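The values are calculated or read from the model by the stated rules, or taken from the named source; none is laboratory data. Because the structure is predicted, anything quoted here is derived from the model rather than measured. So basically every Cβ, Gly included, is an ideal-geometry build from the backbone, and we count neighbours across all protein chains shown. Calculation scope for accessible area: heavy atoms of the full protein, side chains included, ligands and nucleic acids excluded. Shrake-Rupley method; radii C 1.70, N 1.55, O 1.52, S 1.80 Å.
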Amino acid sequence: MIKLSESVIVRHILEYLAFIGVKAGKTKTMGVKRGNDYCFDKWLYVGFPDITGFYKGQIFFIEAKAGKNKQSDAQIQFQQMCKEAGILYILAYDLDQVKAMITARGIQV
């Protein structure tokens, strides 16, 4: 089995969502390098997922992970907030997990 990096998994998810007509985008959660320093946006919500999607009045979030990577505590808290608000949050290690979850919610080709 080929191990994909997190960035490749994110790209596959975004390409698939675009293909089925879902508006989605990647969240820039890393800092921006300026010279030898990294600058971080202090207003970015800690734990915000990698992908935000919109479909027929619904918003959903996808946190992509690769291999044995796990969510941070802040990501788990964000997931819990989504659950309490009735917002779809997908923790995805591959594209098939995303397909299954969004199909179950009625988002499909």
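Quick notes on this one:
- Set of region 61-84 residues, backbone N closer than 13 Å to the point 7 Å along the Cα-Cβ line of residue 12: 64-67
- Added length on full extension, which subtracts the Cα-Cα distance from 0.36 nm per residue, residue 76 to residue 45: 9.9 nm
- Of the beta bridges in the chain, as assigned by DSSP with both residues counted there, near 70 percent are antiparallel.
- Entry comment: accessible area of the chain is 69 Å² per residue, from protein heavy atoms only and a probe of 1.4 Å.
- Prolate/oblate/rounded label for region 1-89 (Cα gyration tensor, a/c 1.5): rounded
- Over the chain, dividing the summed -39,500 (n - 2.57) contributions of all DSSP H runs of at least 4 residues by the number of residues returns a 222 nm mean residue ellipticity of -10500 deg cm²/dmol.
- Sequence-ordered 3J(HN,Hα) estimates for region 85-100 from the Karplus curve with 6.51, -1.76 and 1.60 and θ = phi - 60° stand at 8, x, 9, 5, 10, 10, 9, 10, 9, 6, 5, 4, 5, 5, 4, 5 Hz, glycine and proline given as x.
- Shown for region 1-74: the carbon plus sulfur share of the solvent-accessible area, taken with all protein chains present and a 1.4 angstrom probe, equals 58%.
- Shape call, region 69-109: gyration tensor on alpha carbons, a/c limit 1.5: oblate
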